[in-house]
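Below you'll find the structure, written out as structure tokens, and then a few comments.
What follows draws every value from the coordinates through simple rules; no lab data is involved. These figures come from a predicted structure and were not determined experimentally. Glycine gets a Cβ as well: all are built from the backbone with ideal geometry, and neighbour counts include every protein chain shown.
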Amino acid sequence: MNLTVPIKIKFTKILNYLIIAYAFCLPLSKAGISLFGAFLILVWLFEANFRKKYNEIKRIKLFLTLFAFLTFSTLAVIWSSDTLYALDYIKKYWHFLVMVVIYTSLQKKYIKHIFTTFLLGMLISEIVSYGIFFEIWTKEGVSPHDPSPFLDHTSYSVLLAFTAFILIYKIILTQNLPWRVFYTLYFLTAISNMFINGGRTGQVIFFVGLVFIGFSHVKNKIKASFLIIISTAIFGVTAYTLSPTFQTRFDYTIYDIQKMVTQKDFTGSLSARIVLWKIGTENFLHSPIIGTGIGDEAKYSQEDLLKFKLDYFVNSNGTFYYVDYHNAFVQYLVQLGIVGFILFLMIFYYLSRLKIESQPYHDLLKLFIILYILWSMVGLSFHINSSMVFFALFGAIFLKVFSLEESTAKKV
């Protein structure tokens, strides 16, 4: 007699646990992200049920636009002068497949757990960061003057800003007093951590986010403006007084602007970015419809880059001339022309069109969009691993919240 009992694999539960692990690893480990991202895709494929998944995906305009953008980026390999480089460049985009996996697999009961594990990962990262800052321990390649332990300081500062936004709503909504005290302390340490590392992007995002939250939740706009000004002044003065890193970066920014205006010197951190955006915008005019291709961004701007002493931004192997314009909008305008640029903009447009009724998720979605647009203005957001993963994870979560609310509304 055959007593073998077939094992029913609970793919949905496995996928949701993997998503939680994925969120935990986001601020801590690139290897962990790649590992759990690959597991997510493999389990999702083993689960099959592709007809149902296809029907879920095809009605989401954001996904259709994202697929169009990625498809056009792949086609751009054809008119790129270095095919191998272009292919190597776009292979990173596999991370966006995880966004589809999360959207089609995530269950409502696990959404809060994902936010919790992300906050836990950030808390661990903070502890390591403070340990480096106070020189309790060391980490190779990380300075106490810029203690971003697992990510580059820009990405880390942005994630800290988003952590602060989540914690604001945790503080507001939590009724349990001990937990509210914990979230308040965590919020204060996250803000402090943001100002002791060298990432200015997160600091700007935090202040802009405060403006959004203030005007969204205070009916009296004069009162809201007053509170925002006072809060910004308190955070700014405190950071400048207590954080040598923030003070140095702030003073250097002022000095950089003065040199740019008075001496026409564009070799500083901020001034170089401004000139790169100008050069990129002019470069776009040489191939405005479909772009110059991937790896040929600087092909028509060698003289300008030399003129402004920015030739060190160009990477060349004799075939291609890639330049990082430190602005995703400019990069795609040059790289993919007006077609790719419009597709990129439409991704944000459809994300902003999601009508989420739950106030905390509604506000966090808006803050997420503001954050990602500002991040894209100073870096190539869709090509940085941490940035892509961040977009894939939370973009999918907000899509799922919208979809769940829409389904509930139809049943009523």
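Note on Glu135 and Ala31: the extension gain reaches 34.9 nm, defined as 0.36 nm multiplied by sequence separation minus the Cα-Cα distance.
Between Trp94 and Ser407, the modelled labels are 2.9 nm apart [label points 7 Å from Cα along Cα→Cβ]. Nearest 0.05, what FRET efficiency do Ile57 and Ser143 give at R0 = 41 Å with Cβ-Cβ as r? So the FRET efficiency works out to roughly 0.40.
For the chain, the relative contact order comes to 20 percent (Cα pairs under 8 Å, sequence separation of at least 6). Residue by residue, the stretch 324-333 carries 3J(HN,Hα) couplings of 8, 7, 6, 6, 4, 5, 5, 4, 6, 4 Hz when phi is fed to the Karplus relation 6.51 cos²θ - 1.76 cosθ + 1.60 (θ = phi - 60°); x denotes Gly or Pro. Positive-end ranking of Tyr183, Ile254, His383 along the dipole of the chain, with charges on Cβ about the Cα centre, is headed by Tyr183. Phi angles across the stretch 126-137 convert, under the Karplus curve 6.51 cos²θ - 1.76 cosθ + 1.60 with θ = phi - 60°, into 3J(HN,Hα) values of 4, 4, 5, 4, 5, x, 5, 4, 8, 6, 6, 9 Hz, Gly and Pro given as x.
Note on the stretch 65-92 and the stretch 279-302: Cα centroid distance 15 Å, given to the nearest whole angstrom.
Protection proxy ranking for 69-79, 388-398, 55-65, using the average of other Cβ atoms within 10 Å per residue and placing the highest first: 388-398, 69-79, 55-65.
Here is how the number arises for the chain: DSSP H runs of 4 or more residues each give -39500 (n - 2.57), the sum is divided by the residue count, and the result at 222 nm is -24000 deg cm²/dmol. Which of the three applies to the stretch 11-411, rounded, prolate or oblate, going by the alpha-carbon gyration tensor with a ≥ b ≥ c and a/c under 1.5 meaning rounded? Because a/c hits 1.5 or more and a/b fails to exceed b/c, the stretch 11-411 counts as oblate.
Derived scalar couplings between HN and Hα for the stretch 340-349 equal x, 4, 5, 4, 5, 5, 5, 4, 5, 4 Hz in order, rounded to whole Hz, by the Karplus curve 6.51 cos²θ - 1.76 cosθ + 1.60 (θ = phi - 60°), x for Gly and Pro.
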